[in-house]
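Below is one structure; the comments refer to it alone.
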Amino acid sequence: MKKARISELLLIGMTALVSIHYSPRPKQKLVWSDEFNYSGLPDSTKWGYDLGDGCPNVCGWGNNEAQYYTRDPKNARVEKGNLVIEARKDSAGKKAFTSARLVTKYKGDWTYGKVEVRAKLPRGKGTWPAIWMLSTDWKYGGWPTSGEIDIMEHVGFDPGVIHGTLHSEKYNHIKGTQQEGKVTIADCQDAFHVYAIDWKEAQIDFSIDGKVYHSVKKNPADDYKGWPFDQRFHLILNIAVGGNWGGMQGVDPTIWPQQMIVDYVRIYQ
């Protein structure tokens, strides 16, 4: 009887240790979303706009881009259960193209969590769609010191190649030190895919359709100049036209209008 009892206690103890060792990560909860189950303008309680051409501070939005951002429904609207961001070849504000850049700033701002955006991308030379995040409070200073998280970037002259990138003062594309990953999704212009990051205190994972393709861990030796990602950020959805990167091989004048269609945006923490 004593041997049986001892064996039973040992089994219970081992089970407890295994349970502690393999305890799952706490499940994240949905804290913000837009399913676009309505029609008309994007929900003003969730979305604002960046407008114009960036002048006088950063003309061409810092990248010599060719579009003028508006709040016109021709450039941003919700229809058939989707958000439509549309770049068009029609001049405004001395620019040859119009488009939209939607932002959640002061309406959706987060530090850490999972960001998911299900979207279908535009096609053609000159298109430069992006799903990305910027610092809300710019605590550490202007770009790139306060950081940038590019969840998804795609340039039309390189169809199918998706980029996920972090920028900071120490690591950025101007210095050629950006923390970038890329993967080919051949049908990204024809089908919806879920572009996501899982943003933790010392690591950010980039994934598409649940498959991680790029991870960046904080260097323990870095301060905010290398890891400014401990502050609140907001989400940005836009299509740029041309620019230093998007226009490297020119802008096809025959392809317009072009759309990025977004099925949903979901934030978990």
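Tabulated results
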{"quantity": "Listed residues 201, 86, 180, most fluctuating in the chain (Gaussian network, C-alpha, under 10 Å)", "calculated": "201"}
{"quantity": "Convex hull projection area averaged over all views, segment 145-269, Cα basis, nm²", "calculated": "8.4 nm²"}
{"quantity": "Choice from 254, 104, 177 showing the highest fluctuation, given a GNM over the chain with Cα pairs closer than 10 Å", "calculated": "254"}
{"quantity": "Distribution of pairwise C-alpha distances over the chain, 5 Å bins, in %", "calculated": "1, 6, 12, 16, 17, 16, 12, 6, 3, 2, 2, 2, 2, 1, 1, 1, 0, 0, 0"}
{"quantity": "Cross-link table 46/89; 114/217; 46/120; 170/200; 27/200, entries beyond 18 Å C-alpha to C-alpha", "calculated": "46/89; 46/120; 170/200"}
{"quantity": "Once exposed loop chymotrypsin sites (Phe, Trp or Tyr not before Pro) are cut out (DSSP; at most 11 other Cβ, 10 Å), longest piece of the chain", "calculated": "107-269"}
{"quantity": "Spin-label model distance (nm) - residue 35 vs residue 57, 7 Å beyond Cα toward Cβ", "calculated": "3.6 nm"}
{"quantity": "Rounded Å value of the spacing that divides the Cα centres of segment 141-193 and segment 229-243", "calculated": "10 Å"}
{"quantity": "Helix-only [θ]222 nm of the chain, DSSP H runs n ≥ 4, -39500 (n - 2.57) each, per residue, nearest 500", "calculated": "-3000 deg cm²/dmol"}
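Every number in this text was worked out from the coordinates using simple rules, so none of it is lab data. Because the structure is predicted, anything quoted here is derived from the model rather than measured. Virtual Cβ from ideal backbone geometry, glycine too; neighbours counted across all protein chains shown.
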